[in-house]
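Below you'll find the structure, written out as structure tokens, and then a few comments.
The values are calculated or read from the model by the stated rules, or taken from the named source; none is laboratory data. Just so you know, these numbers come straight off a predicted model, no measurement behind them. Ideal geometry is used to build each Cβ from the backbone, glycine not excepted, and the neighbour counts take in all protein chains shown. Please note that ligands, DNA and RNA were not included when accessible areas were found on the heavy atoms of the full protein model with its side chains. Shrake-Rupley method; radii C 1.70, N 1.55, O 1.52, S 1.80 Å.
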Amino acid sequence: MNETTRFNVSYCSDPLFKLRVLKQATVEKCDICLLNENNPLRYGEFVEKVYKTQRKIRAHYFCLLSGTNIPQNGSTPAGIVGFKISDVLSSYAEYREKQCYYCRHPSAPVECAQAGCGRRYHYICGYSNSCVTQFAGEFRSYCDQHLPEGCRVPVTTKGRRCSICFEDLPQVTEPDYNPVSIVRTHCDSECPPGLLHRECVQRFAYTSGYNFKCPLCWNKAFRVHAAEVGIFIPQRESAWEREPGAFKDLHKRKCTAVDCKVGNGRNAANQLVGCKVCGGQLMHRQCCGVSDADDYLCSGCRDESFVRLV
């Protein structure tokens with residue numbers, strides 16, 4: 001995955017949150033974990049918030065969500081996506097001197113939720129060492145020794161490819177193999193048992209929002225499983241629904257083709273078809289070149305990375 005593709009995701013960049021999102025590699029450190037890795041598909045967007053006129057606080061969004069002692073008491077636009085600045089600052093005392101079990105460096109905000117474990121770690125280190133944070137319910141985190149049952153099932157990747165990007169999956173013998181970074185699909189008896197890169201699923205979730213569903217069988221129940229194995233699903237409209245004027249053509253019932261071949265008379269409106277993914281960019285069958293309405297994909301959805309799934 002190239003540098004541009006990695007940063008081409010959007011959640012915290014919503015103007016509602018009034019944050020600056022760092023869109024490239026940086027030497028600046030997260031004020032929670034004190035690490036500077038920047039990969040929004042793995043660690044959430046790296047955000048910067050100015051407060052008290054000149055002071056700044058920076059954080060990986062997933063460090064905020066997974067931090068055991070960081071409460072989320074604010075409303076959505078307050079502080080950093082609902083995390084009050086005062087709460088974040090006061091939380092430092094709870095973990096600043098706690099050592100990460102994996103890298104042995106300080107400021108480990110995540111604690112394994114298994115009773116009696118007590119292991120602390122950075123979210124970034126946890127990602128690389130088969131730990132998982134469940135982005136649902138109480139947002140509990142588990143170290144590699146106490147993974148939930150659904151994450152402990154062995155994954156056989158030999159000869160398998162990701163069902164989203166169609167690239168090879170890492171083999172058990174490879175140094176970068178990590179079973180938690182591979183997401184399974186098998187929603188019901190009719191859903192193919194697929195394997196997906198966790199980063200591919202996370203990108204799909206960023207794009208889909210409320211409409212996130214299994215990329216193989218389109219079952220919305222998949223969102224429960226995905227959240228439990230570490231996928232953050234934004235509670236917002238899909239990317240195609242947030243485009244300026246996304247639904248304008250639906251109300252006007254006019255063909256959106258640049259060179260319409262039919263015209264927009266009353267009878268012609270009955271020949272209009274909408275994109276099979278988002279329902280937008282209405283066109284006459286003749287203008288979009290399809291005989292079956294279920295074959296039409298608009299230009300916006302055709303450009304999305306998951307278009308090969310439909």
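How about segment 62-86: which of its residues are touching a residue at least 40 places away in the same chain (Cβ under 8 Å), farther than 17 Å from residue 125 by Cβ and not polar (S, T, N, Q)? Working first, answer last.
Step one: filter segment 62-86 for residues touching a residue at least 40 places away in the same chain (Cβ under 8 Å), giving 62-63, 65-69, 76-77, 80-81.
Subsequent filtering for residues that are farther than 17 Å from residue 125 by Cβ retains 69, 76-77, 80-81.
Listed by number, the residues that qualify are 77, 80, 81.
To keep it simple, each residue is scored yes or no on (1) at pLDDT 95 or above; (2) closer than 26 Å to residue 180 by Cα.
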site: 23; (1), (2): no, yes
site: 26; (1), (2): no, no
site: 35; (1), (2): yes, yes
site: 78; (1), (2): no, no
site: 82; (1), (2): no, no
site: 101; (1), (2): yes, yes
site: 113; (1), (2): yes, yes
site: 123; (1), (2): yes, yes
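Output the residue which, of all residues in segment 92-110 that are out of contact with any Gly (no Cβ under 7 Å at 6 or more places or on another chain) and not in a loop (DSSP other than H, G, I, E, B), is surrounded by the most Cβ atoms within 10 Å (Cβ to Cβ). Give the steps one after another, and end with the answer.
Within segment 92-110, the first condition is being out of contact with any Gly (no Cβ under 7 Å at 6 or more places or on another chain), and the residues that meet it are 92-108.
Filter once more, keeping what is not in a loop (DSSP other than H, G, I, E, B): 92-95.
Working: 92: 15, 93: 9, 94: 14, 95: 23.
Here the answer is 95.
Note down all Cβ pairs under 7 Å where the first residue falls in segment 144-162 and is farther than 17 Å from residue 185 by Cα, the second is modelled with pLDDT of 85 or more, and they're at least six residues apart or on different chains.
Close Cβ pairs (under 7 Å, with a partner that is modelled with pLDDT of 85 or more) amount to 144/129; 144/130; 144/131; 146/112; 146/114; 146/117; 147/132.
Quick test for you: out of 204, 166, pick the one residue that is closer than 26 Å to residue 9 by Cβ, surrounded by fewer than 19 Cβ atoms within 10 Å (Cβ to Cβ) and either of a type in the set (Phe, Trp, Tyr) or modelled with pLDDT of 95 or more (or both).
Working: 204 fails: surrounded by fewer than 19 Cβ atoms within 10 Å (Cβ to Cβ).
That would be 166, the only listed residue that is closer than 26 Å to residue 9 by Cβ, surrounded by fewer than 19 Cβ atoms within 10 Å (Cβ to Cβ) and either of a type in the set (Phe, Trp, Tyr) or modelled with pLDDT of 95 or more (or both).
Any idea which residue in segment 170-183 is farthest from residue 228 (Cα to Cα), counting only those that are at pLDDT below 90 and open to solvent by less than 90 Å² (accessible area, probe 1.4 Å)? Break it down stepwise before answering.
Step one: of segment 170-183, the residues at pLDDT below 90 are 170-181.
Narrowing further to those that are open to solvent by less than 90 Å² (accessible area, probe 1.4 Å): 170-171, 174, 177-181.
Numbers: 170: 22, 171: 23, 174: 25, 177: 20, 178: 17, 179: 14, 180: 11, 181: 13 Å.
Out of the qualifying residues, it is 174.
Filter segment 26-48 down to the residues that are charged (D, E, K, R) and out of contact with any helix residue (DSSP H, G or I) (no Cβ under 6 Å at 6 or more places or on another chain), then identify the one that is farthest from residue 89 (Cα to Cα). I'd like the intermediate steps shown before the answer.
Taking segment 26-48 first, the residues charged (D, E, K, R) are 28-29, 31, 37, 42, 45, 48.
Checking the rest, the ones that are also out of contact with any helix residue (DSSP H, G or I) (no Cβ under 6 Å at 6 or more places or on another chain) come to 28-29, 31, 48.
Numbers: 28: 17, 29: 15, 31: 9, 48: 14 Å.
Among those that are charged (D, E, K, R) and out of contact with any helix residue (DSSP H, G or I) (no Cβ under 6 Å at 6 or more places or on another chain), it is 28.
Being assigned to a strand (DSSP E or B) and of a type in the set (A, V, I, L, M) is the filter; apply it to segment 39-91 and report the residue that is farthest from residue 14 (Cα to Cα).
Our first condition is that a residue be assigned to a strand (DSSP E or B); within segment 39-91, this holds for 46-51, 55-60, 80, 83.
Now drop any that are not of a type in the set (A, V, I, L, M), which leaves 47, 50, 57, 59, 80.
Working: 47: 12, 50: 16, 57: 18, 59: 16, 80: 12 Å.
If we take residues in segment 39-91 being assigned to a strand (DSSP E or B) and of a type in the set (A, V, I, L, M), then 57 is farthest from residue 14 (Cα to Cα).
Residues in segment 1-21: is at least one polar (S, T, N, Q), modelled with pLDDT under 95, under 24 Å from residue 121 (Cα atoms) and surrounded by 13 or more Cβ atoms within 10 Å (Cβ to Cβ)?
Initial filter on segment 1-21 (polar (S, T, N, Q)): 2, 4-5, 8, 10, 13.
So of that shortlist, the ones also modelled with pLDDT under 95 come out as 2, 4-5, 8, 10, 13.
In the following step, the residues that additionally are under 24 Å from residue 121 (Cα atoms) were identified as none.
No, because not a single residue in segment 1-21 is polar (S, T, N, Q), modelled with pLDDT under 95, under 24 Å from residue 121 (Cα atoms) and surrounded by 13 or more Cβ atoms within 10 Å (Cβ to Cβ).
Every residue in segment 125-142 that is in contact with a Phe, Trp or Tyr (Cβ under 9 Å, 6 or more places away or on another chain) and under 23 Å from residue 235 (Cα atoms), please.
So the first thing to find is which residues in segment 125-142 are in contact with a Phe, Trp or Tyr (Cβ under 9 Å, 6 or more places away or on another chain), and the list is 125-129, 131-135, 141.
If the condition is that a residue be in contact with a Phe, Trp or Tyr (Cβ under 9 Å, 6 or more places away or on another chain) and under 23 Å from residue 235 (Cα atoms), then 127, 132, 133, 134, 135, 141 are the ones that fit.
Go through segment 114-163 and give me each residue that's open to solvent by less than 60 Å² (accessible area, probe 1.4 Å) and among the aromatic types (Phe, Trp, Tyr).
121, 123, 127, 135, 142
Identify all residues within segment 257-290 that are under 35 Å from the mean Cα position of the chain (by Cα), open to solvent by 30 Å² or more (accessible area, probe 1.4 Å) and at pLDDT below 85; write none if there are none.
Selection gives 276, 277, 278, 281.
Scan segment 76-87 residue by residue and report those that are of a type in the set (Val, Ile, Thr) and in contact with a Gly (Cβ under 7 Å, 6 or more places away or on another chain).
Step one: list which residues in segment 76-87 are of a type in the set (Val, Ile, Thr), which gives 76, 80-81, 85.
Result: 76, 85.
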